[in-house]
């Protein structure tokens with residue numbers, strides 16, 4: 001599943017590279033230089049995504065059916081470059097930077113906004129932002145380790161859903 005997402009991202013990048021090369025043929029002067037610089041960025045993204053895809057396929061990472069992680073929304077980010085993604089990370093307590101870790105690294109949860117699930121994922125964004133603003137605890141449902149990373153290997157998990165918990169869970 002995670003490798004399929006990388007393969008789709010790579011196909012999208014390769015199409016953007018082709019489109020950028022077609023655009024370059026029509027430009028001159030300063031716009032041409034800007035387009036060439038953008039082409040270089042796209043080619044770098046293609047190289048990185050190709051490496052990530054190869055690593056994913058080589059590792060054949062096991063994907064769990066589903067897991068759940070509880071915490072407080074500490075950050076929400078949107079990436080619009082290669083694959084548009086919504087990223088969020090959880091903290092162990094409200095208003096602090098004690099990031100929830102899975103394994104030894106800070107866990108990042110992501111939703112691919114280019115997928116057919118986009119409306120569903122965008123509907124979760126207000127839940128995340130409201131929980132962050134109010135300091136409400138959330139439960140993030142997710143699969144196993146994704147085949148790509150945000151900051152460190154094995155730090156990314158594809159979110160399946162988010163549930164706001166009005167009262168903190170105590171163990």
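Select from region 43-89 the residues that are at pLDDT 90 or above and more than 17 Å from the chain's Cα centre (by Cα) and list them in ascending order.
43, 70, 71, 72
Regarding region 106-121, can at least one residue be identified that is modelled with pLDDT of 85 or more, part of a strand (DSSP E or B) and over 19 Å from residue 83 (Cβ atoms)?
Yes.
Quick one: which of 82, 107 is out of contact with any strand residue (DSSP E or B) (no Cβ under 9 Å at 6 or more places or on another chain) and touching a residue at least 40 places away in the same chain (Cβ under 8 Å)? Break it down into steps so the answer makes sense when it comes.
Numbers: 107 fails: out of contact with any strand residue (DSSP E or B) (no Cβ under 9 Å at 6 or more places or on another chain).
Residue meeting the stated conditions: 82.
Could we say that residue 158 is without any contact (Cβ under 8 Å) to a residue 12 or more places away in the chain and within 17 Å of residue 9 (Cβ to Cβ) here? First the steps, then the outcome.
Values: without any contact (Cβ under 8 Å) to a residue 12 or more places away in the chain: no; within 17 Å of residue 9 (Cβ to Cβ): yes.
Judged against the criteria, residue 158 is not a match.
Go through (1) in a strand (DSSP E or B); (2) over 21 Å from residue 83 (Cβ atoms); (3) at pLDDT below 85 for residue 171 and report which single condition fails.
(1)
Just the residues that are surrounded by fewer than 20 Cβ atoms within 10 Å (Cβ to Cβ) and outside any loop (DSSP other than H, G, I, E, B), please, taken from region 72-89.
The answer is 75, 76, 77, 78, 79, 87.
Residues in region 90-97: is at least one within 16 Å of the chain's Cα centre (by Cα), surrounded by 17 or more Cβ atoms within 10 Å (Cβ to Cβ), at pLDDT 90 or above and not in a loop (DSSP other than H, G, I, E, B)? Give the derivation first.
First, the residues of region 90-97 that are within 16 Å of the chain's Cα centre (by Cα): 90.
Restricting the remaining residues to those that are surrounded by 17 or more Cβ atoms within 10 Å (Cβ to Cβ) gives 90.
Within this subset, residues satisfying the condition of being at pLDDT 90 or above are 90.
So of that shortlist, the ones also not in a loop (DSSP other than H, G, I, E, B) come out as 90.
Yes, region 90-97 has at least one match.
The values are calculated or read from the model by the stated rules, or taken from the named source; none is laboratory data. Please read all numbers here as calculations on a predicted model, not as lab measurements. Methodologically, a virtual Cβ is constructed for each residue, glycine included, from the backbone with ideal geometry; neighbour enumeration extends over all protein chains shown.
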